1. Return one number: the angle in degrees, 0 to 90 and rounded to the nearest 10, between the long axis of the Cα atoms of helix 112-131 and the longest principal axis of the Cα atoms of the chain.
2. Give the Rg/Rh ratio for the stretch 100-206, taking Rg as the radius of gyration of the Cα atoms and Rh as the Kirkwood radius, to two decimals.
3. For the Cα atoms of the chain, what angle does the longest principal axis make with the long axis of helix 2-40, in degrees from 0 to 90, nearest 10?
4. So who's got an amide H within less than 5 Å of the one on Ile207, skipping anything under 5 residues away but keeping other chains? H placed 1.01 Å off N, in plane.
5. Quick check: the angle from helix 224-244's long axis to the longest principal axis of the chain, C-alpha only, nearest 10 degrees?
6. Can you work out D for the stretch 22-135 in µm² s⁻¹ from Stokes-Einstein, where Rh is the Kirkwood radius over C-alpha pairs, the temperature is 37 °C and the viscosity is 0.692 mPa s?
7. Taking the alpha-carbon centroid of each part, what is the distance from the stretch 23-86 to the stretch 101-154 in angstrom?
8. Name the shape class, rounded, prolate or oblate, that the alpha-carbon gyration tensor gives for the stretch 179-245, where a ≥ b ≥ c are the square roots of its eigenvalues, rounded holds for a/c under 1.5, and otherwise prolate holds if a/b is larger than b/c and oblate otherwise.
Amino acid sequence: MQASTSAAANEVRGRRSAEDVENSKTHFRVCRFIIETGVKLGMRSVPMATACVLYHKFFQSASLQVYEPYLVAMSAIYLAGKVEEQHLRTRDIINVCHRYFHPESDPLELDGKFWELRDSIVQCELLILRQLNFQVTYEHPHKYLMHYLLSVKSLLNRHAWSRTPIAETALALLKDCYHGSVCIRHKPQHIALTSLYLALQTYGVKIPRGEVEWWQVFCADITKPQIETIMSELLQLYDMEAKCT
């Protein structure tokens, strides 16, 4: 009896694990959709980041089996534009998103299909607001990373700084973290510092050590295990990217 119960429990865990992997793939693809369409819409980095956070926050308590993820993503883009004061027209969002899935198609006509989709985006926006209890403003890692980059630049000689794209790599890593829920599981300061830490490691750049590690000077409440945890989660996203292509 115990053996059969254990086998059933293992089967349930296996199904859940497989479902979690598929859900993670879906979220990765949808956030890639948010970022790529955001670029085409001319969104700044922070509004795009807010759209991804809104999406991840929504699906913390909502099911992919109940809500269409790409509709939630389109509404998150629309709402993020309002939150970050970069207002986007629903017509532009609809047409850019439509071209994402149908690259050769013309813009949608202002017919019943268009207005139905527009109404769905607006209704979904209200759903997101209610689901998140209207708490839709977030502190992002971007400002911390810029501060950390300026500090690191002052610590390195200008040749070491100029011959390696540390800033570009750190910013790219930060942008990529929004493809997964790592962006909502950790403090913005910790994400910013880990992006910089990984960029420095990538190019083998060493920062002169004082009485404490440089990263402790920048962010006193982070530990080495926390940095390693965030790095691991970020690197897992690159594995996910390979599985989603």
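1. It is inclined by approximately 50 degrees.
2. 1.19
3. Around 90 degrees separate the two axes.
4. Residues meeting the criterion, in which the H sits 1.01 Å from N, do not exist here.
5. Taking the Cα atoms of the chain, the angle to 224-244 is about 40 degrees.
6. My calculation gives 233 µm²/s for D.
7. 5 Å
8. Oblate shape, in that a/c is at least 1.5 and b/c is the bigger or equal ratio.
The values are calculated or read from the model by the stated rules, or taken from the named source; none is laboratory data. The shown structure was predicted, so the numbers you read here are calculated from the model rather than taken from an experiment. Side chains included, ligands, DNA and RNA excluded: accessible areas come from the protein's heavy atoms. Shrake-Rupley method; radii C 1.70, N 1.55, O 1.52, S 1.80 Å.
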